[in-house]
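Enquirer: Before I ask anything, let me first share the structure, which is written out below as structure tokens.
What follows draws every value from the coordinates through simple rules; no lab data is involved. Model, not experiment: these values are computed from the prediction. Heads up, the Cβs are rebuilt from the backbone with ideal geometry, glycines too, and the neighbour counts pull from every protein chain shown.
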Amino acid sequence: MTTPADHLLRGHAPIPAEAWSQIDDEARERLTPLLAGRRLADFEGPGGWKHSAVGLGRTEDLLGPPEGVAPDGVRTRRRRVLPLAEVRVPFTVSRAEIDDIQRGAADPEFDDLDRAARLAAEIENRTILHGWAAAGIAGISEASPYPAMTLGEDCNAYPGIVARAVDTLRRNGIEGPYSLVIGPEGYTRIVETTEHGGYLLFDHLARILGGSIVWAPGVAGAIVASTRGGDFLLDVGQDLSIGYSHHDADTVSLYLEESFTFRVVEPDAALALA
């Protein structure tokens, strides 16, 4: 989370500074473990709320100069850019809870903030891993040129499948370390499984990868990807921040907001596991 910007209108909220501090801390605490996609992607930014697009370093030809101007061999092009998408997830905070914070309550209840943080993280994670067609963003699994492998639910098969994925990346010149990014259900199966001989499956997979196993809310299936850096870019305008919407006698309506886009620089650096 970043320093609040003026457009977030936080100064209009009936929330004292101490309560704002606790709300921000709670959001940061919840978001940090949830933003799994950031463990794969290089973070660029934040560029601020006015940052609207990312230059791709490429062009597309135009038909010619403006009407009425003789072409005379002139070549015209348009720069290609990738616009940032905006995400706003609303939530509410009880005014009674804000009053209790002012009285010294050390255990405020921000259940709706927790829900919003999880939803915002799932949107970002899913965009990075699977893309967001309406925003013009291709995700890692979409860009990967390799046929997807089937992970399934038989944990005894996981080491062989992950080893083949790692070998595929390595044979295509993609160096490690590698990470296995997997949805919550698959992650739970891994941490609960002990192989023959009492060896933890989690530790076995980590040794094969030479890296980490990442719990990733919002992700369908799994992905094995290099974490060497430079292959995936998350470009952020405004990092996740809390803004004010409106209030009544009982609740204050707030929101989590972010602007970002994502690019796969090296499609060969990841392999999807269905």
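Enquirer: For region 258-264, just list the computed ³J(HN,Hα) in residue order, Karplus coefficients 6.51, -1.76 and 1.60, θ = phi - 60°, integers in Hz, with x standing in for Gly and Pro.
Expert: So the Karplus estimates, Gly and Pro as x, are 8, 10, 6, 9, 9, 9, 9 Hz.
Enquirer: Give me the extension gain from R58 to V265: residue separation times 0.36 nm, minus the current Cα-Cα distance, reported in nm with one decimal. Don't jump to the answer; show the numbers that get you there.
Expert: On the way: separation 207, 0.36 × 207 = 74.52 nm, distance 1.34 nm.
Full extension of this stretch gives 73.2 nm more.
Enquirer: Relative contact order (percent) for the chain, with alpha-carbon contacts under 8 angstrom and 6 or more residues of separation? All intermediate terms of the calculation are to be shown ahead of the outcome.
Expert: Values: 547 pairs, mean separation 84.0, N = 274.
Result for the chain is 31 percent.
Enquirer: For the ranges 148-159, 199-210, what's the packing order if you count other beta-carbon atoms within 10 Å of each residue, average per peptide, and put the highest first?
Expert: In descending order of packing, they fall as 199-210, 148-159.
Enquirer: First measure r as the distance between the Cβ atoms of R79 and A133, then evaluate 1/(1 + (r/R0)^6) with R0 = 25 Å and state the FRET efficiency to the nearest 0.05.
Expert: On the way: r = 23 Å, r/R0 = 0.91.
Efficiency computed from Cβ-Cβ geometry: 0.65.
Enquirer: Go ahead and collect, in residue order, the members of region 233-250 whose backbone nitrogen is under 17 Å from a label point 7 Å along the Cα-Cβ direction of A105.
Expert: 248-250, by backbone N distance to the label point.
Enquirer: To the nearest 0.05, what FRET efficiency results for S253 and L233 with a Förster distance of 25 Å applied to their C-beta separation?
Expert: In this case the efficiency is close to 0.15.
Enquirer: Would you work out the relative contact order for region 170-264, in percent, from Cα pairs under 8 angstrom that are 6 or more residues apart?
Expert: 29
Enquirer: Using 7 Å Cα-to-Cβ label points, what is the R28/N172 separation (nm, one decimal)?
Expert: 3.9
Enquirer: Follow-up. Calculate, in whole percent, how much of the Cα-Cα pair population of the chain lies beyond 29 Å.
Expert: In whole percent, the share of Cα-Cα pairs in the chain beyond 29 Å is 46.
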